[in-house]
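This report concerns only the one structure given below.
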There are 4 protein chains.
Amino acid sequence: MSSSFGQNLRFSIFGESHSAAIGVNIEGLPAGCKVDLEELQAFLERRAPGRDETSTSRKEPDQPEFLSGLKNGFTTGSPIAAIIRNTNTRSQDYGNLAILPRPGHADYPAEVKFGGFQDRAGGGHFSGRLTAPLCIVGGIAIQLLKRLGITISAKANVDKETILKAKAEGDSVGGLIECEVVGCPAGLGNPMFLGMENRIAQVVFGIPAVKGLEFGAGFKVASMKGSENNDPYRMVDGKVKPVTNNAGGILGGITTGAPIVFRVAIKPTPSIFKDQASVDLTKMEDATLSIKGRHDPCIALRAVPVVEAAAAVAILDAYLERRKEQAI
Amino acid sequence: MSSSFGQNLRFSIFGESHSAAIGVNIEGLPAGCKVDLEELQAFLERRAPGRDETSTSRKEPDQPEFLSGLKNGFTTGSPIAAIIRNTNTRSQDYGNLAILPRPGHADYPAEVKFGGFQDRAGGGHFSGRLTAPLCIVGGIAIQLLKRLGITISAKANVDKETILKAKAEGDSVGGLIECEVVGCPAGLGNPMFLGMENRIAQVVFGIPAVKGLEFGAGFKVASMKGSENNDPYRMVDGKVKPVTNNAGGILGGITTGAPIVFRVAIKPTPSIFKDQASVDLTKMEDATLSIKGRHDPCIALRAVPVVEAAAAVAILDAYLERRKEQAI
Amino acid sequence: MSSSFGQNLRFSIFGESHSAAIGVNIEGLPAGCKVDLEELQAFLERRAPGRDETSTSRKEPDQPEFLSGLKNGFTTGSPIAAIIRNTNTRSQDYGNLAILPRPGHADYPAEVKFGGFQDRAGGGHFSGRLTAPLCIVGGIAIQLLKRLGITISAKANVDKETILKAKAEGDSVGGLIECEVVGCPAGLGNPMFLGMENRIAQVVFGIPAVKGLEFGAGFKVASMKGSENNDPYRMVDGKVKPVTNNAGGILGGITTGAPIVFRVAIKPTPSIFKDQASVDLTKMEDATLSIKGRHDPCIALRAVPVVEAAAAVAILDAYLERRKEQAI
Amino acid sequence: MSSSFGQNLRFSIFGESHSAAIGVNIEGLPAGCKVDLEELQAFLERRAPGRDETSTSRKEPDQPEFLSGLKNGFTTGSPIAAIIRNTNTRSQDYGNLAILPRPGHADYPAEVKFGGFQDRAGGGHFSGRLTAPLCIVGGIAIQLLKRLGITISAKANVDKETILKAKAEGDSVGGLIECEVVGCPAGLGNPMFLGMENRIAQVVFGIPAVKGLEFGAGFKVASMKGSENNDPYRMVDGKVKPVTNNAGGILGGITTGAPIVFRVAIKPTPSIFKDQASVDLTKMEDATLSIKGRHDPCIALRAVPVVEAAAAVAILDAYLERRKEQAI
């Protein structure tokens, strides 16, 4: 199911940008895990909209209500459902999107796929707003991984000045996010289609606007020699260590114990305020689109905690898998 | 399960480089689909080893035996199992890999994960040889997609001279593969975690040696403006068309009708014939590794049909999904 | 994941008897399906508690709030989340269950499994109250199936008098529910583990208190001869029909076109008001349990629409599967 | 996928009665598990055909060849593929089944579903022969469970005399199989749709000819009172024990520590040698069917180890799940 992820930690994200609420249902978390809601809120704040001038002016409290699965600060072992009410919606801004699909946005393929029944307002289920529930489950995962000695940190390469300049022009900019995961033991992940790269890829490409993903030396490997790219092993403090990390901490889909390093290419926000060439789907003729609504001039900044969340759920999923692997 | 892929077309790959056989079990293909075994064999030949001097000298016929699910050239609707016998194995070449893990290869994390019980010979289940069964299911998918007007073609950017030069030095080289899928109707794929990018990513990162994946403008989007990256729509012959294709044919996880375009970074073969720093896992001390065995000096060439196979299974999976989407 | 069901229609149920809310998240319903909320409410009323004296005195409005996935009475194609707030909870009644597990209830194995972190109040996630969300998705499925000409009706074999007599004695009674599905075309379901019987079984055994399930002639087949049990075929109005229906409408996991008939054995409510032998889990010694709380003297009556819901989701799941089966 | 089962131990069965081979691919077994092939063969012999006069005269060696995933008697951690060649096929016996579907068999619904492309010979993928691969994975699971102190034994209630009498009449008989699992710790299984009952049900209804399944007191619970059906707890040797076992060892989908007890109703073999009313699907008119081929006069005897295999895979699947449940 397309809005769900995970084999062991499994979650399903629901909601539309302007529906009553957005949220997530989480299965597979063991009972008895402490969840610090203040820490989680602090994490969600990093993604929340309307916090400064580089972000959309739609301000949302983004405070989840936990409906089930948590009691006295601990997981109960049954599904954890959390919702965030949509409070600050202005669906009238989206009046003309019904017929003039925004270039670079999901409007047109969604129209074909859902035959006009999709909720168009605010991008509906395709909205970047749906990364808030991903951050709920990701924020919880980050807390659990920290207890296991695994920490995740990402950063974007864009500066505020560039963003504000683009914003002033009614335009938008893309960005590159690099994420590093330190403390992963060797042995997480699997060969083939549930490798650590595949798991991370499956979540990361679920973040709207991601168009590229690379691990370790990434695209550079294409022009490297084996003797350059291979990470030699040495004994360090009695432990096997790759002395370089072109592999980005993953070989054969399995962690090596070195930091997991990956980079994500985020495209510029498709919703810009310059006139754009589009088509009128009701008249089936060329048209010029002028966008209203409230949009981030650069998604890459707010996407930083989302990428961390993505890494966290992928790794926690693999961590739980690993628990099953002792011989009988 | 890590050696399986797909929601609607579902397949499981089994085998190790030196086990009795490798193979694939395929579920979800409708009954009554014609499968042309000669055409399939021609496709498998493009991947098969030992065909020229840029490839490993291990020559294998790579001719699948279909055990079930095919009758008189048509699918029966029950699972299709196909195997390829491993005939040309020289396990003795791998004697010292047990203790000296090859840099850049899965040897070390596999040792940690499977505790020494994994089949080490020839890379075991991590071997590039396991892409042969992927090409069986992919080759069938390609035939079906062609009937639907969808064609897939990939090419690598490496030339034979560069490869032979590296080979002569006992080294190896990486490469870049670009794949284009023409004829996909708009509306395939889904939002979030089963988007067309996610599906392709989940298979592509299952091909050994892949370290990066990008769609359309790919990593360039990070330094583009929205006004540059957005693909404007125009009416062309009465149909909606994006006039550029920075999106690589996918928006919001769903195909736009433009060609799907993606690029894959393939690392240089980790098995090189120069001495490398490794460790002796039995003595837990530094050691120097000298590799024997037969290895491709560049995987990227033989990986071209594998990338096509990966695209095909991902798209066919989404195509079958699409069939369920009519309103009731 | 244990609170989820389905391959094509996929739903996840969340909530605990006394948590803020219970609910369900539904994926896989095509966009553009009309959902009549009044008709759904009428269906939910058949299961809702506190409606007459054969039921628990806990009266709940059981009116779902749809958070997403529905717009203007039609499905949007994105996940449908619906919740029911728990309003009438009296957790204090469950004070002593923490240490004295109720015979016949999930208390003891839940204690072992979740280590005391489970929400014990009202039976937590094991409560029959969790069948309300099942009825939300089931009620929607029933509406869709009706449009396809498929109707589902179940009935219980218990009379009100027997129930009230048991209630007066502080006891409870079980019951048998028979369910019939008319109008299913031949060809739904699959061989082996996703047969129509398997699908129905997987949902039906998810209804608390179910201890047996049989199809068609059911357990009687064990003492029948082939010549008695086989349903002969005849041409009726130009169509192939089995003239008897010992198969209960299913052969080889696939529907025959005859009505699907199955029976479900419902155990008597484990929560009775007579003193019972239990153990004190804190002191690890024998103890006598005296139950408070509000409980149905017979679950079988309120379970009738739940069984219909179970059949509906299983059949709709198979119906969507069937759409993929045309040859390419 | 309909020929696959399991969340943690996952297997896919392939093959048709007269295809080149039948087999199974198994994923999720930890590396390093010892598998005794002689013990496995002895288990398979209990199911194998043609061993005495109560069985079909089709004699098959039923000796699996392991293609992958096993090395030196231990699991390697990668998928285990095993096949059994079909040697003794007489497809010509099935000539007239193409047009005259056998009452009580899957012929007719399979014809509708697969449009005539299914392999009709010997029942194709619906044949009881496909329980041999189930016994391969089940036999391995039984060995592993035994090491964990969990033993499984089933028995059928039919005597040889009854069977031979039916055989002499060209008829067949059904039977009842009871299965008991001793040594399961409390805490295996889950609430709702992956309860231990649901898991067992999903496999058991995958065995051809099963029409009913009940746990513990089973269908009797429908006419019991709560005070009769509830199993009281007592402390026995310092441990909590239910003193009766009407629950069949399962409450709320989770094991209680008492033996798991279930009964399965097996219908009489549909292939009988008396003339039967059928239809001619090519002429679409009534017809009389006279069956050739080799068939068991009673499936229930040979199904005994199959039921044990079904229980074993369901329990091992839940056992592996349980390993993930420790709090982080």
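The values are calculated or read from the model by the stated rules, or taken from the named source; none is laboratory data. It should be emphasised that the depicted structure is a prediction, and the values quoted were computed from it without experimental measurement. A quick note on method: Cβ atoms are made from the backbone with ideal geometry, for glycine too, and the neighbour counts reach across all protein chains shown.
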Pairs with Cβ under 7 Å, 6+ apart, first in the range C:283-310 and more than 22 Å from C:Tyr108 (Cα to Cα), second crowded, with 21+ Cβ neighbours inside 10 Å and among the acidic types (Asp, Glu)
C:Arg302/C:Asp296
Filter result (assigned to a loop (DSSP other than H, G, I, E, B), under 22 Å from C:Cys135 (Cβ atoms), of a type outside the set (A, V, I, L, M, F, W, C) and touching a strand residue (DSSP E or B) at 6+ places or on another chain (Cβ under 6 Å)) within the range C:184-228:
none
Check whether at least one residue in the range C:274-288 is touching a Gly at 6+ places or on another chain (Cβ under 6 Å) and farther than 30 Å from C:Phe193 by Cβ, and report yes or no.
yes
If C:Gly249 passes every condition in (1) under 30 Å from D:Leu100 (Cβ atoms); (2) at pLDDT below 95; (3) not charged (D, E, K, R) but one, which one does it miss?
(2)
Can you name the number of the only condition in (1) more than 14 Å from chain C (Cβ to nearest Cβ); (2) touching a Ser or Thr at 6+ places or on another chain (Cβ under 7 Å) that D:Arg129 fails?
(1)
Only one residue in C:Asn25, C:Asn8, C:Asn86 is more than 22 Å from A:Ile83 (Cβ to Cβ) and buried (at least 16 other Cβ atoms within 10 Å of the Cβ), so which one is that?
C:Asn8
Pairs, please: C-beta under 9 Å, at least 6 apart or cross-chain, first residue touching a residue at least 60 places away in the same chain (Cβ under 8 Å) and away from chain B (no Cβ under 13 Å) and in the range C:16-37, second among the acidic types (Asp, Glu) and in a strand (DSSP E or B)?
C:Ala20/A:Glu65; C:Ala21/A:Glu65; C:Ala21/C:Glu65; C:Gly23/C:Glu65
Out of (1) touching a Lys or Arg at 6+ places or on another chain (Cβ under 8 Å); (2) within 7 Å of chain A (Cβ to nearest Cβ), the one B:Asn198 does not meet is (1)
Within the range B:204-225, considering residues that are farther than 25 Å from A:Asn245 by Cβ and in contact with a helix residue (DSSP H, G or I) (Cβ under 8 Å, 6 or more places away or on another chain), the one surrounded by the fewest Cβ atoms within 10 Å (Cβ to Cβ):
B:Lys225
Return a yes/no flag: does the range C:176-199 have any residue that is among the aliphatic types (A, V, I, L, M) and free of Cβ contacts under 8 Å to residues at least 60 places away in the same chain.
no
Taking the range D:248-276 and keeping residues on the phi < 0 side of the Ramachandran plot, assigned to a loop (DSSP other than H, G, I, E, B) and more than 7 Å from chain C (Cβ to nearest Cβ) leaves D:Ala258, D:Pro259, D:Ser271, D:Phe273, D:Asp275
Is the range C:33-45 home to any residue that is modelled with pLDDT under 95 and buried (at least 17 other Cβ atoms within 10 Å of the Cβ)?
no
Restricting attention to the range B:282-320, which residues are among the hydrophobic types (A, V, I, L, M, F, W, C) and out of contact with any strand residue (DSSP E or B) (no Cβ under 7 Å at 6 or more places or on another chain)?
B:Ile291, B:Val306, B:Ala309, B:Ala310, B:Ala314, B:Leu316, B:Leu320
Residues in the range B:161-177 that are more than 11 Å from every other protein chain (Cβ to nearest Cβ) and charged (D, E, K, R) total 1
What's the number of the condition B:Lys165 fails, among (1) in contact with a Cys (Cβ under 9 Å, 6 or more places away or on another chain); (2) part of a helix (DSSP H, G or I); (3) not hydrophobic (A, V, I, L, M, F, W, C)?
(1)
Condition first: in contact with a Leu (Cβ under 8 Å, 6 or more places away or on another chain) and buried (at least 18 other Cβ atoms within 10 Å of the Cβ). Now tell me which residues in the range C:46-65 satisfy that.
C:Thr54, C:Ser55, C:Asp62, C:Pro64
Which numbered condition D:Val279 fails, given (1) in a loop (DSSP other than H, G, I, E, B); (2) closer than 30 Å to D:Leu100 by Cβ; (3) at the interface with chain C (Cβ under 9 Å from one of its Cβ atoms):
(1)
In the set A:Lys160, A:Lys146, A:Lys155, A:Lys167, the lone residue that is among the charged types (D, E, K, R), surrounded by fewer than 23 Cβ atoms within 10 Å (Cβ to Cβ), over 18 Å from the mean Cα position of the chain (by Cα) and closer than 30 Å to A:Leu316 by Cα is A:Lys146
Scan the range B:288-302 for residues that are over 23 Å from the mean Cα position of the chain (by Cα) and either part of a loop (DSSP other than H, G, I, E, B) or acidic (Asp, Glu) (or both) and jot them down.
B:Ser290, B:Ile291, B:Lys292
Hey, does the range C:228-235 have a residue that's more than 20 Å from the chain's Cα centre (by Cα) and farther than 19 Å from D:Val112 by Cβ?
yes
Looking only at the range C:311-328, which residues are at the interface with chain B (Cβ under 7 Å from one of its Cβ atoms) and touching a helix residue (DSSP H, G or I) at 6+ places or on another chain (Cβ under 6 Å)?
C:Lys324, C:Ile328
